[in-house]
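J.: One structure, as structure tokens, below. Some questions next.
Rule-based calculations on the coordinates, nothing more; no lab input. Because the structure is a prediction, the values reported are computed rather than measured. Here the Cβ positions follow ideal geometry from the backbone for every residue, glycine too, while neighbour counts run over all protein chains shown.
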Amino acid sequence: MKLQETANHISNWLKSYANSAGVKGFVVGVSGGIDSALTSTLCARTGLDVLTLEMPIHQHPDQASRGKEHQAWLAKNFPNTRHIQVDLTPVYEDFITAMQPGGADHELSLANSRARLRMSTLYYHGQSNGLLVAGTGNKVEDFGVGFYTKYGDGGVDLSPIADLMKTEVFALARHLGVVESILDAKPTDGLWGDDRTDEDQLGATYPELEWAMGQQEAGKSPTDFSGREAEVMEIYLKFNRGNKHKMLPIPVCEIPADLK
């Protein structure tokens, strides 16, 4: 990948889109992870207004620390950026009380609710400031395994890095000077309040999942492989099939003409 040319292409695309939409710039949720760090950096490179939001909900200290370090780096390098912390922990606690959680999947439902509370917060600040919500999803998460929350971090106005694999995200972030603590951190969705990583949840590394995505596109199946490769293909396909509802358009019940 031609790193500098790719960075310029994405930032130019962002600026052109914002100008066509008649908005001032972008709002980005900053988590302390690599995807949000790269996205906010690319947005900042447009020269347009960029608001980064830190939205802790019982956040793990390491994630909060990395997020603050990145925001400080942005402020030093890009005067068009500003930063707000919105502590959503009290809102989340009130939400839990109101929902009276129960059921087999209530922990996952609550984890996804964190992402949806953050989405609502991003859109509040986006609309009130004339900014677009920039998504932080990459290609293997958004179109491979569907590793995001529907109408949570999947609820955005535009997706600047969604055609980059996770390994490409790391390479481009390193090229642009993103802080080492983020480059060195293991990817995590930050929805659980602990230190579990994406690999812990997925059962495979991002390079493995990227490989499996390529094999699927080539028409391969788990039976074409053995050992760990077959296992990774099974893992990838399990998520790919189970999360199709996130990656495909909302089903619409079309009414036949003779019924209208």
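J.: Over the chain, what is the relative contact order in whole percent, taking alpha-carbon pairs under 8 Å and six or more residues apart?
T.: After rounding, I find 20 percent.
J.: Also: Running a GNM on the chain with Cα contacts under 10 Å, which residue among HIS70, HIS83, HIS175 ends up with the highest mean-square fluctuation?
T.: Among HIS70, HIS83, HIS175, the largest GNM mean-square fluctuation belongs to HIS175.
J.: Another one. Among VAL145, VAL91, VAL50, which one shows the biggest mean-square fluctuation in a GNM of the chain, springs joining Cα atoms closer than 10 Å?
T.: So, out of VAL145, VAL91, VAL50, the one fluctuating most is VAL91.
J.: Another question, if that's okay. Of the peptides 194-202, 246-254, 147-155, how do they stack up when ordered by the mean number of other Cβ atoms within 10 Å, highest first?
T.: 147-155, 194-202, 246-254
J.: Under a Cβ-Cβ cut-off of 14 Å, what is the net charge of the residues other than PRO101 that fall near it, where Lys and Arg count +1 and Asp and Glu count -1?
T.: So the environment of PRO101 carries a net charge of -3.
J.: Under 28 Å between C-alpha atoms is the cut-off here; go through segment 3-194 and count lysine pairs that meet it, provided they're at least eight residues apart or on different chains.
T.: Number of lysine pairs found: 23.
J.: Label GLN4 and THR167 with points 7 Å out from Cα along Cα→Cβ: what is the distance between them in nm?
T.: Output for this residue pair reads 2.4 nm.
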